[in-house]
1. Relative contact order (percent) for chain C, with alpha-carbon contacts under 8 angstrom and 6 or more residues of separation?
2. Can you tell me what share of the DSSP beta bridges in chain B is antiparallel? A percent to the nearest 5 is fine.
3. Using the Cα centre as the reference, give the magnitude of the dipole from point charges on the C-beta atoms of region B:77-156 (Lys, Arg: +1; Asp, Glu: -1; all else neutral), rounded to the nearest 20 debye.
4. Per residue of chain B, what 222 nm ellipticity follows from adding -39500 (n - 2.57) for every DSSP H run with n ≥ 4, rounded to the nearest 500?
5. When the helices in chain C are scored as -39500 (n - 2.57) per DSSP H run of 4 or longer and the sum is shared across all residues, what 222 nm value do you end up with, to the nearest 500 deg cm²/dmol?
6. Using DSSP, restrict attention to beta bridges with both residues in chain C and report what percent are antiparallel, rounded to the nearest 5.
7. Using the structure shown, list the pairs from A:196/C:67; C:420/C:469; C:404/C:709; A:344/A:450; B:21/C:431; B:21/C:67 with a Cα-Cα distance above 21 Å, or answer none.
8. In percent, how large is the relative contact order of region A:10-242, given Cα pairs closer than 8 Å and 6 or more residues apart?
Amino acid sequence: MSTYPWAAGYIDDGDRPKVVTSRFHLEDGYMLERYHATGGYDGLKAVLKKSPTEVHDEVKTATVLGRGGAGFPAGTKWGLMPAGKFPRYLVVNGDESEPGTYKDRLLMERDPHQLVEGCLIAAYAAGLSQVFLYIRGEMPLAHERVANALNEAYAAGYVGKNILGTKFSVDIVLHWGAGAYVVGEETALIESLEGKRGEPRLKPPFFPAAVGLYGQPTIVNNVETLSNLPWLAINGTAAYTAIGTATSPGTRMVAVSGHVNRPGVYEIINGTTTFRDLLYGEEFCQGIRNGNELKAFVPGGGSAPWFTPEQLDLPFEGRLVGAAGSMLGSGAIMVMDHTTDIPKAALTLTHFYAAESCGQCTPCREGGTWLERVLQRVVDGRGTRADLDQMFEIGESICPGNFPHAASSKLGLEAAPFPYKMTTICFVGPSAYAPVHSALTLFRDEFEAKIVERKHIPVSVGVVDDHH
Amino acid sequence: MSRLNEANVMLAKEIIGRYPKARSATIPLLHLSQQQNGYITDDAIAHIAELVGATSAEVLGTCTFYEMFKMVPVGKYLVNICGTMSCQLLGADELMHHAEQTLGVKAGGTTSDGLFTLEHAECQAACTEAPNMQVNYRHCHRMTTTNFDKLIDDLRAGRLEGEIPVHGTLARVRQQIPADKAAGVASPDAPVVPAWMPEAAQ
Amino acid sequence: MTTTEPSAANPDTEAEAPPPDPNAVQITINGRPHTARKGQLLIDAAADAGEYIPRFCYHERMTPVGKCRMCLVEADSGRGPAVTVSCMVPVSPDMKVDTESPTTKRMQEGILELLLANHPLDCPVCDKGGECPLQDQAFSHGPGESRMLEEKRHYEKPIPISDLVLLDRERCILCDRCTRFADEVAGDALIHFNSRGNNTHITTFPDEPFASYFSGNTVQICPVGALTAQPYRFKARPWDLSQQESTCTSCSVGCRTVVQSSRDELLRYMGVDSDPVNHGWLCDRGRFNFESVKSDQRVLQPLVRSGDGFQPVTWNAAMAEAAALISEALAAGGANSIGIIGGARGTNEDAHAWARLGHDVIGTPNVYAQMGDGLPNGLLAESPATIDEAANAATIVLLAPDLKEELPVLYLRLRDAAAKRRSRIIEFAPKQTGLTSYAWRHVAYEPGTQAAAVAATLSDADVAVQLAKGNVVIVVGRANLAESSAATIAALNEVRAAVPGAKVLTAFRRGNVVGALRVGMRAGAGGLDTRGMLQAAADGKIECLVLVGADPLADFPDTNLARRALKAVPRIIAVDTFLTGSSQQANVVLAASAYAEKAGTHTNLEGRVTALAREVTPAGSTRADWMIAAELALELGTDLGYSSVADITASIAENVSGYEDVTVASVAGDGVLAGVPTDLDAVEIPLPAVPERNAYEYRLVVSRVLYDKAISTVQSPSLAHLAPGATVHLHPLDLERVGTSDGSEVKVSGTRTSVVFRAVADDTVLRGTAWVPFNQPGPNVGELIDCFAPVNDVRIETI
């Protein structure tokens, strides 16, 4: 944390199992000494006594879901690398920048050794010869803490050549970004790590597990995903899967922000905690600010279609949320109370994705900006009714066919489930459309309220038209 | 003139040495150059291109993709006010308006004394602490107009020099990989089966 | 849907059916079955099936990037119709593709509307209008109207990105074709994307223009009017152009081109995608030197000497004068006192007519097409390789000049082979070349040590293993004009002894030099080559010299000898398009037609014979070289029997070894490979002893760069200023040793004279050697070259 007095974030004090945030309450949880004192690197030691295959199998069995946004199981992802092709790399995605998301920065600032240990376990299990830890550029404190942790870990023999006297040798190279949201997309992250512009590669054919960094098999894992591994290594698969549900085991870090009484980052039980628990629960956000009414919330980061109070009782579980018309994404909930100017909120997000478009593919580069400009006009009171339909038309060029949205009994709408079709290379283009689509679908009246009807102004006719 | 100085060339070579391909060091070296000069000059780009074995046009292409790299001089303190969703919901617009009034510049401008450059920024990964801003990328959470004014006063008076380095300096702790402890780079041109995975050799 | 599978019902045909092709993939396109190739991209398979999928970024000769999104279609690989990028996704068995589904159409309309959102509607004043893929596809696949009301993006327009190419960023649709070409094909990544998102645009680095030898290709492949070439801007509209396929003769690669004109004026050359030769690419010299054909400096009618100047005369008078000069020479010194130099700049037919005139009519054996800067012509008979074979060899051994400078598109082909890791290059060169950075092994040798360097490298175990893989092609040419060609032959013999099966690609440089040599422009029994003729001339033994498009003063390495020769010869007949340094000394100048003013055939360095088109009327009263030869023969009392180009083409097929299959029909398109000649003398040149270095302590290396004082470059306004000028390049440490610095003048002294050059520090030059580009504006390095010396050493001093 910055030492500036008002910089401290809110800390989760709930009485729940803490897989990744157990050291968050410690002032010096980021130092090796304290990490040792709290079981640090015991997971690595346990893992090194087993074969890589055994460790890989454990991670697979535990179904550690990826925490970056797509929710793909880490163990399965590791298994997608072509056999016998080396070297393979691990790229750690610490480029957290999805609107609403705040967890990886905390993990790097408050428990960097846990991340380092997670990287080592992954490298050992999946046969990864070099690790690149990519930290978002605008996080110098995380950078300092991780650099310090790595320096301590090298000195202690946890990283580098012949780790703890075994044949396991791997370097972890700290790398830093320079400000580009799209780099959080795993193939863009690889391009950026190769020193290029962070433009996503097309999948297929470039799935990183097969063709990644320098054309080699590459695993890209999120910081939170890897931070789960030390606990898993110490406590075992059974203990891990005992938390949460069968399809969503373990815990998840969720940041709840916006118009709630106690915004914060909470480590919740995966799969069972509902949005109502989170927004209104005593150990979580304790309700909407000033006793206001909830109008809408974004359940999974800025790219996710919006929910309304009708969806509050859904649990934090990927498939159920997908069927309800949105996604869990990166574990970020943004809450809007009844005072919120919905078109303006949508504009804020659309502006974000339009500004963060890498620019390589046409629909995102041109469509995102166009969408933003039309919406800006509407928000400024210069829009027309045709503009509202026009926004759907532009969106259709980015995402042809049905776009997911939540159900609304008030509007008589059924939920349109995930996924959607897209004409873009990556999800940035559709993400620019998602808030517009949600807001226009669920709150069209608020847009219409901004339309100033322009009546025809009569103009005196100077020349008589004979034809009439 | 604004090529990397001798000490930084040494550092640059050490950084390059950590990657299987030199071009991967492009962004770290651009940061190094920005740390040295406060912004990125054409000479610096040409020098980095030489060091990483790319053309200047390619390094320029990378440099201009990322918004942290400034191609023109900016203030000693870069003040970035987040305007994305959660911050906007909790008063980012008002904070920006106040900042513009206080500093006397519009977003994108630099104060005449060269101390502050004010920028509109996107999500800073601190959404639960909204509204947020950063000074030279140091987070300042739960900003109000009052503590904004105090922060600017402290910066003007030099009271925060120990905590917030001048623009260009990112992290004050650098990774060191001692030569005797390094596992070494894994070159894509040298397909070696990891020593701890004997079964993969078959 | 009914599918027809004839074999299923009929056991007889089934029994006879060939085994299934392992490379065949059965797919369905728009309801019709189609057999595609394994690994083939969907967009190409669809094209084969007659379904053109619109595209902007996709280009067959470059890696697909899938950026423009125009080629999206719906394809079903078993999990339902999915949005598929047809330029990135290969066909898979039983794939069902719909290029016309409502979703596909909606996507295409959407992408086009978005592409046009920021594209200016300045088609009426845009050079691309009428041949613009964006315009065409907007009509065929677009929504018909744009609904964007907002202001479009604005940029300063247009900005020059090089001396030849301008960029209008408002028109650019960011398809990544030019940038990909620069990086991936040319290896000159000097243009790149800048900024991000909606602000993305193409730029060069400040003060580092897109100075690629291949920049014109980006104009050709640009799918909009964003890139325009200076020489063609606002000159014509596509619908006013007439065009014919032809062959570029700027060097001996023989790139396939389309020559375009309007109102009988040459306006543009475009590359044609020829699989065996140029893959659609051209170098800028070849693309833009058409300007020289239109030069107002052309010799438009025959000239005869009158005092210090020339007098224009009729063809009859000129022919009578030329015949008289030859008759006088015959009387004064016999046939052996007549020499004919040149023929490499014309067609095969031109060369054949001149060869017959020389050998059969005049009766002299002194006929030669090379200018003392090549290698013995016997090399053409030694297991010749094609360009394709070289570009697909396991190992390419380079004993050649810098191919990027001399044979640019051959450089592209070999660079591609090395960059895509098909081939490993082992390069032997006295100075680093364009291919050095792609070479697996680069061996720098000092002049005089080439054969030894080769022998030492071949004994390296890794090299031996590599060569033992077989499929070796040696590219051989004259790397250093200041060194005897014997050194290169000795080096070649070393490689061939070590790799007996190796094939040889001769990197002879001048346009149709291979054709000229093969159809007869070479010395007969006891005859002299160009060096021999010039020496004999200097010694007063030549009574008449005929220069057929030859300029020894500019092109022969030993300027001193060329000057003495031309001075001593009493009678010179020049057949030329311009008054060059050499033709200015002629007694009679016969005005020749230029490229694109005459038809015929051309032989490239691999022996490929292709067609040359006559696209415009010959300037003035100029005539094709063959016509001049035929008429001169008549004047001398012999009818060669040629009244048309076709007559000579037939005569070549009948009389020239290897040209049996060359007919007017067979030379169309990619043409026909001539057979291996059987009538060339074996190459035997003894390796002269190389003297030790003495006070002349720098060994001279002289070679050409792309832009020099070649007449077609000098007379093309767009290219003329691109020649870098004569400078002496030394390794920085040697420059320090000389005691001077980059940019200052130094005195370079050979055994005959001294020349002052500006010095350049250049770490691509080997220590102990000095490199000077040949035939450059400024001081003439030819003055320092003795063409009889095995190597030329120089002393370098400060002034």
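Just so you know, all these numbers are worked out from the coordinates, no wet-lab data involved. Bear in mind that the values here come from a model prediction, so they are computed numbers and not experimental data. Cβ: placed from backbone, ideal geometry, glycine included. Neighbour counts: every protein chain shown.
1. It comes to 12 percent, rounded to a whole number.
2. For chain B, the DSSP antiparallel bridge percentage is about 55.
3. In total the dipole reaches around 120 debye.
4. So the calculated ellipticity at 222 nm is -10500 deg cm²/dmol.
5. One gets -7000 deg cm²/dmol as the mean residue ellipticity at 222 nm.
6. Of all bridge pairs located within chain C, approximately 60 percent are antiparallel.
7. B:21/C:431; B:21/C:67
8. Computed over region A:10-242, the figure is 29 percent.
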